[in-house]
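What follows is a set of notes on a single structure, which appears directly below.
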Amino acid sequence: MMGSVGGSVPGEQGLAVNRGHEGSLVFRCGRFCLELGRRTLVMGVLNLTPDSFSGDGIHGDPGRAVERAHELVEAGADILDIGGESTRPGSAIVDADLELRRVVPVLERLGELSVPISVDTRRAAVAQAALTAGASILNDISGLGEGPQLASLVAGAGAGVVLMHMQGTPQDMQRDPHYEDVVGQVATFLAARARAAREAGIGPESIVLDPGIGFGKTLEHNLALLAHLDALAEVGYPVLVGTSRKSFIGQLTGQPVETRLSGSLASVAVAIARGADIVRVHDVRETRQAVAVADAIVRGAR
């Protein structure tokens, strides 16, 4: 079922999320403090895998990966998201050693990048090595659900965390996803994971929520989540949305991955209108233009 918001949203009223001047949200991650609310932040994707669904993976060439990282920042990325394991539907499981060999050499060569680096992993060994090598955000598709060590690592490093919702695993999540109320269930799950993160010592100002577009969702589920993104924002934390080049855009437009930019930009604009604080994208330069227009309309930001 597509679902809508069933009953009250499971927010945490009175939540002590840190706020800057004039009520703007703050995302604290390592040595960085990012102000949210005035404008939407852009997270640029850097895939270090040979089998990325988006076809932009840089595999086995740390030098080129570092060049691409700087290109994304110069194009306007506020955050850089680095991943060494493909989590597309049906993807093969990658062992931690291989993931480490892909990610750590790139992080070590990036040094003191001018924007925070997020590591896209669900493994404690990779998270620990990445945080030591310079990452300041853990972007976890399991929502810290693969063991308590992940939360402890984030808390101990003073890092930020992106908690994502996923039904199933990347290997089986798209076989037959089902929800009675997709918006309500995703909001309830994310509220519970945020609560667990805080109990593990992660500050509320270091938590961001991601509904997991395309991760165990049908076209209808994805559209419902985007249409009711404001319900997820009511949980009490900033919201990150990743729609870039995803299959639901192909379903709607009939376009292959390499020609889904226009559809991706449309989904970004809608996400901003519905309350997204951060958008995760492959095409940073073009997205910054769409964000500038959407923010001027929605937030009055110029």
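The values are calculated or read from the model by the stated rules, or taken from the named source; none is laboratory data. Computed from a predicted model, the values in this text were never measured in an experiment. Don't worry about glycine lacking a Cβ; one is built from the backbone with ideal geometry, like all the others, and counts go over all protein chains shown.
Evaluate region 81-92: report whether one residue or more is touching a Phe, Trp or Tyr at 6+ places or on another chain (Cβ under 6 Å), surrounded by 15 or more Cβ atoms within 10 Å (Cβ to Cβ) and on the phi < 0 side of the Ramachandran plot.
yes
Check VAL268 against each of (1) surrounded by 21 or more Cβ atoms within 10 Å (Cβ to Cβ); (2) closer than 17 Å to ALA227 by Cβ; (3) over 18 Å from the mean Cα position of the chain (by Cα); (4) not charged (D, E, K, R) and name the one condition it does not meet.
Tallying (1) surrounded by 21 or more Cβ atoms within 10 Å (Cβ to Cβ); (2) closer than 17 Å to ALA227 by Cβ; (3) over 18 Å from the mean Cα position of the chain (by Cα); (4) not charged (D, E, K, R), VAL268 fails exactly one: (3).
Got at least one residue in region 81-99 being under 22 Å from THR287 (Cα atoms), touching a Lys or Arg at 6+ places or on another chain (Cβ under 9 Å) and of a type in the set (D, E, K, R)?
yes
Tell me which residues, restricted to region 275-302, are crowded, with 16+ Cβ neighbours inside 10 Å and among the polar types (S, T, N, Q).
Hit for region 275-302 is THR287, nothing else.
Of everything in region 248-265 that's among the small types (Gly, Ala, Ser) and surrounded by fewer than 17 Cβ atoms within 10 Å (Cβ to Cβ), which residue is farthest from PRO177 (Cα to Cα)?
SER262
If we scan region 195-216, do we find a residue that is surrounded by 19 or more Cβ atoms within 10 Å (Cβ to Cβ) and of a type in the set (Lys, Arg)?
Among the residues of region 195-216, not one is surrounded by 19 or more Cβ atoms within 10 Å (Cβ to Cβ) and of a type in the set (Lys, Arg), which makes the answer no.
The conditions are (1) closer than 18 Å to ASP120 by Cα; (2) over 18 Å from the mean Cα position of the chain (by Cα); (3) without any contact (Cβ under 8 Å) to a residue 60 or more places away in the chain, and GLU199 fails exactly one of them. Which is it?
(1)
Among the residues in region 9-26, are any among the β-branched types (Val, Ile, Thr) and modelled with pLDDT under 80?
Yes, region 9-26 has at least one match.
Restricting to helices (runs of 4 or more DSSP H) lying wholly in region 180-284: which have 2 or more residues that are more than 28 Å from SER136 (Cα to Cα) and of a type in the set (A, V, I, L, M)?
182-199, 219-227, 247-253, 261-273
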